[in-house]
1. Using amide H atoms built in the peptide plane, which far-off residues or other-chain residues are under 5 Å from GLY340 H to H?
2. Just the number, please: percent antiparallel of the DSSP beta bridges in the chain, rounded to the nearest 5.
3. In Å and whole numbers, how far do the C-alpha atoms of region 245-329 stretch along each principal axis, longest first?
4. Using the crude model of +1 on Lys and Arg Cβ and -1 on Asp and Glu Cβ, and no other charge, please compute the dipole size for the chain relative to its Cα centre, in debye to 20.
5. Just need the Rg to Rh number for the chain, please, alpha carbons only, Kirkwood Rh.
6. Picking from LEU179, LEU196, LEU131, which is most flexible by a Gaussian network model of the chain using Cα springs under 10 Å?
7. Could you pull out every residue, at least 5 positions away or on a different chain, whose amide H is within less than 5 Å of the one on LYS138? Hs are placed 1.01 Å off N in the peptide plane, and Pro or chain starts have none.
8. Have a look at SER322, SER187, SER49 and tell me which one the Gaussian network model of the chain (Cα, springs below 10 Å) gives the largest fluctuation.
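Since every read-out is calculated from the coordinates, none of them should be taken as a lab result. The structure displayed is predicted, hence computed values, not measured ones. Using ideal geometry, Cβ is built from the backbone for each residue, glycine included, and neighbour counts are taken over all protein chains shown.
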Amino acid sequence: MTTTHADPVSHLAAATGVLPEHRHSQARLTRAVADMLGLEGADRVTLESFHANAGVSERYLVMPIERYAELGDFGERNDLFLERAVTLGERAVKQALAAAAVEPGEVDVLITTTITGLAVPSLDARLVGPLGLRDDVKRIPLVGLGCVAGAAGIARAHDHLVGHPDDVVALLAIELCSLTIQQQDASTPNLVASGLFGDGAGAVVLTGADRAPARPGPRVRATRSRLYPDTERAMGWDVRGTGMQIVLGAEVPGLVRENVRGDVDRFLADHGLTRRDIGWWVAHPGGPKVLDALADALEIPAEALGVTWRSLDRVGNLSSASVLHVLADTLADRPPAPGGHGVLLAMGPGFCLELVLLEA
């Protein structure tokens with residue numbers, strides 16, 4: 001498709017996902033969580049049921065599994081986050097830059113996103129030196145967006161590149177969800193989260209329209225954000241002395257069913273497309289109920305979200321990093337046909353939706 005002034009594009013030069021070293025089966029993690037929470041009898045059976053229904057076979061942790069029972073207050077958890085996130089984040093961005101054949105000194109903007117730790121100076125500032133970026137690199141830390149932030153990061157990178165078509169943007173999403181586990185919390189949201197979320201990072205390199213990537217990939221054609229009124233308690237964190245306590249409302253699948261179809265249809269219509277024109281979907285793996293609701297809303301078969309389901313199975317939900325893992329897996333395992341259109345989407349705290357229109 002010819003690029004016009006009214007429909008500027010950016011290029012996805014590379015996408016990569018990385019994981020920490022400690023890999024465990026879901027069954028092993030279920031036993032560890034049950035023991036840590038001191039669950040017995042019916043309570044233990046309830047936990048086992050939640051974990052068995054999470055759609056997850058294995059997950060990766062940033063620390064040895066034995067360490068989690070010893071986690072202290074928010075301060076100790078956050079210190080661990082800062083140490084491990086910088087190391088894992090450096091690896092993710094370096095892999096993405098290498099895959100894109102981009103030198104660190106060519107990066108004009110570094111966007112970082114996380115919700116599982118607090119960093120001031122932000123993670124991007126801590127990564128400039130280790131990555132070898134220029135000291136005049138523009139830094140954009142995104143905080144509080146949660147699971148939607150990987151998609152929002154790509155969207156905000158595209159927004160910048162529309163106005164700066166010669167620039168290069170690197171995006172890092174990193175989440176160490178395991179450091180948020182609450183050892184004394186036997187509430188349903190904490191039990192569900194303990195079987196769903198894992199640790200990992202994803203990185204993407206994007207270039208502007210006037211800077212063709214060395215290794216051509218899909219183009220970003222357009223983005224859209226949607227914030228749903230009065231849904232602030234559907235998903236998020238309550239910050240306590242022991243750290244971050246999950247807020248996970250049962251209404252989330254319903255919000256997906258009620259809103260996504262119309263939002264997607266309106267977004268595509270503005271670009272002369274319908275859902276029938278979309279050949280590939282890159283979706284955040286929110287969990288089995290959310291993915292079932294998403295397939296229903298989009299009126300697509302489950303296999304249309306097959307890459308997302310397999311990511312959920314292999315690594316769990318990595319919050320903001322997950323959709324970048326799914327994007328990397330899609331480009332590697334199911335390369336889109338040239339000229340075909342795809343949609344990358346995620347939902348998260350707010351409650352909100354981010355949509356990205358892609359063209360191969």
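1. Under 5 Å from the amide H of GLY340 lie the amide H atoms of ALA360, each far enough along the sequence or on another chain.
2. 75
3. Here the spans come out as 41, 29, 21 Å, largest first.
4. 440
5. 0.96
6. LEU131
7. VAL109, LEU110
8. Taking springs between Cα atoms under 10 Å, the residue moving most is SER187.
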